[in-house]
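The structure appears right after this line, and notes come after that.
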Amino acid sequence: MPSRLRLGVVAAEPSGDRLGSGLVSVLRERVPSLELRGIGGPELSRLGLESACDIHDLSIMGLEDVWRKLPNAVKIRKRLITSFRRDPPDLFLGIDSPDFNLSLERRLRNSGIPVMHLVSPTVWAWRGYRVKKIRRAVDRILVLFPFEKDFYEKRGVPATFVGHPAARETADLSKDGSRKLLDLAPNGKIVSVLPGSRESEIKHLSSIFVGSIRRLAEADRELSFLIPFASARIKQQFLSLVSLEGLTQRVRLIDGQARECLAASDVALLASGTAALEAALVGCPMVVAYRVSALSYRVARALASTKIVSMPNHLMPEPLVPEFLQKAATEENLVPAVQRLLSDADAIEQIRDSLLGIRETLNLDTNDRIAEVILERVRRR
């Protein structure tokens, strides 16, 4: 075991920040003198990382975000490259955020710094040409889903399947326990609504989701709603775009605790992304929406090799999660889909069983596995 470990890390999304914090906690148990440098959010900051920027400055989804945020992101990346080359870490770990991290990783690796990347980009679904870029950028990729390991190894990229830490972290969450934790009625009908953790998602989905809440609330007076937010910044943006007038008795805004909200809910309405996987891991039936700018969507469709967008549908033998993409992501489509799930107890049980099967597959000692791979690579330097 090394007596000292200097780890470079970039986790530029809230989900990556959570992944990184679990790993760093395990690494620090093994190497108490662990030093962190790079970029992260509040979770990694609590563990001692002084982030080089606010992660929302790098959170990019769709072409409109690229045009708006790219110049600043390029400046930040240049500063990181200079800093890491001047004082190299023992290893650099990029967590998700491939559009930012892969270019950074390639330059650091070319400078002789060992590089790993945690969380595979969805190259098996779209923009498959990125595999060549990944092969040049990393010494090893750490993947969260079992089918990804074979995908990479067939293409000459060393890969390790580590499972997903959220599967272990959610294993003890129950509907009753989560409702008690959140001080919710044990027998009430609850829908969680998650409009996204990126600014562009909030922009495109907030009004549609709030409109859907209004329709659902009008149709069923027993329904109540939870809206958890990944950060104060995202919450502020959401509230600047929509009005909850007339809904304050039915809607509860919550800071964080998305997993607990999902576990407590009968159904979730959410943006495609990490939230869909977390809903699956707690067995919460869901309706998924995906909406970006028209140009971004046309580009995505042209580069996609699958029509499925949510991870739970990729991991189940057959897709069971309703998905509404772009123009189909409307109140007129989302509301009936949520209502069908709320009214069909048999369908809900079938979906819950399938979703919880995903958790069984992914529930490994993920953080310990990642820590061991990292420490083994550092020992071989």
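Summary table below
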| quantity | calculated |
| --- | --- |
| Any hit, segment 209-222, residues being touching a Leu at 6+ places or on another chain (Cβ under 8 Å) and among the polar types (S, T, N, Q) | yes |
| Selection status of ARG233, farther than 17 Å from VAL210 by Cβ, modelled with pLDDT under 95, under 19 Å from the mean Cα position of the chain (by Cα) and part of a helix (DSSP H, G or I) | yes |
| Only one of ALA337, ALA345 that is free of Cβ contacts under 8 Å to residues at least 60 places away in the same chain and surrounded by fewer than 17 Cβ atoms within 10 Å (Cβ to Cβ) | ALA345 |
| Given (1) farther than 19 Å from GLU148 by Cα; (2) at pLDDT 90 or above; (3) not in a helix (DSSP H, G or I), index of the condition LEU364 fails | (1) |
| Criterion (in the same structural domain as ASP17 (by TED's automatic domain parsing) and either farther than 27 Å from PHE324 by Cα or surrounded by fewer than 17 Cβ atoms within 10 Å (Cβ to Cβ) (or both)) met by exactly one of GLU153, GLU245, GLU222 | GLU153 |
| Residue match in segment 37-48 (condition: under 22 Å from GLU105 (Cα atoms), of a type in the set (Lys, Arg) and modelled with pLDDT of 90 or more) | yes |
| Which listed residue, of LYS180, LYS175, is free of Cβ contacts under 8 Å to residues at least 12 places away in the same chain, of a type in the set (Lys, Arg) and in the same structural domain as GLY357 (by TED's automatic domain parsing) | LYS180 |
| SER343 among the small types (Gly, Ala, Ser) and touching a helix residue (DSSP H, G or I) at 6+ places or on another chain (Cβ under 8 Å) | no |
| Any hit, segment 32-42, residues being part of a helix (DSSP H, G or I) and either touching a residue at least 12 places away in the same chain (Cβ under 8 Å) or hydroxyl-bearing (Ser, Thr, Tyr) (or both) | yes |
| Residue count for segment 266-316, restricted to those that are out of contact with any helix residue (DSSP H, G or I) (no Cβ under 8 Å at 6 or more places or on another chain), over 17 Å from VAL123 (Cα atoms) and modelled with pLDDT of 80 or more | 0 |
| Among (1) under 16 Å from PHE324 (Cβ atoms); (2) touching a residue at least 40 places away in the same chain (Cβ under 8 Å), the one test that ALA264 misses | (1) |
| Yes/no for GLU169 being under 23 Å from GLY22 (Cβ atoms), touching a residue at least 12 places away in the same chain (Cβ under 8 Å), surrounded by 14 or more Cβ atoms within 10 Å (Cβ to Cβ) and of a type outside the set (S, T, N, Q) | yes |
| Residues satisfying the stated conditions in segment 19-44, i.e. under 16 Å from ARG233 (Cβ atoms) and out of contact with any Cys (no Cβ under 9 Å at 6 or more places or on another chain) | GLY40, GLY41, PRO42, GLU43 |
| Yes/no for PHE238 being touching a Pro at 6+ places or on another chain (Cβ under 7 Å), under 24 Å from SER15 (Cβ atoms) and either surrounded by fewer than 16 Cβ atoms within 10 Å (Cβ to Cβ) or in the same structural domain as LEU341 (by TED's automatic domain parsing) (or both) | yes |
| Pairs where the first residue, in segment 319-334, is surrounded by 15 or more Cβ atoms within 10 Å (Cβ to Cβ) and the second is basic (Lys, Arg), C-beta under 7 Å, 6+ apart | GLN326/ARG291; ALA329/ARG291; GLU331/ARG215 |
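The values are calculated or read from the model by the stated rules, or taken from the named source; none is laboratory data. This one's a predicted model, so the numbers in the text were calculated from it and none came from an experiment. Because the Cβ atoms are built from the backbone with ideal geometry, glycine has one as well, and the counts that use them run over all protein chains shown.
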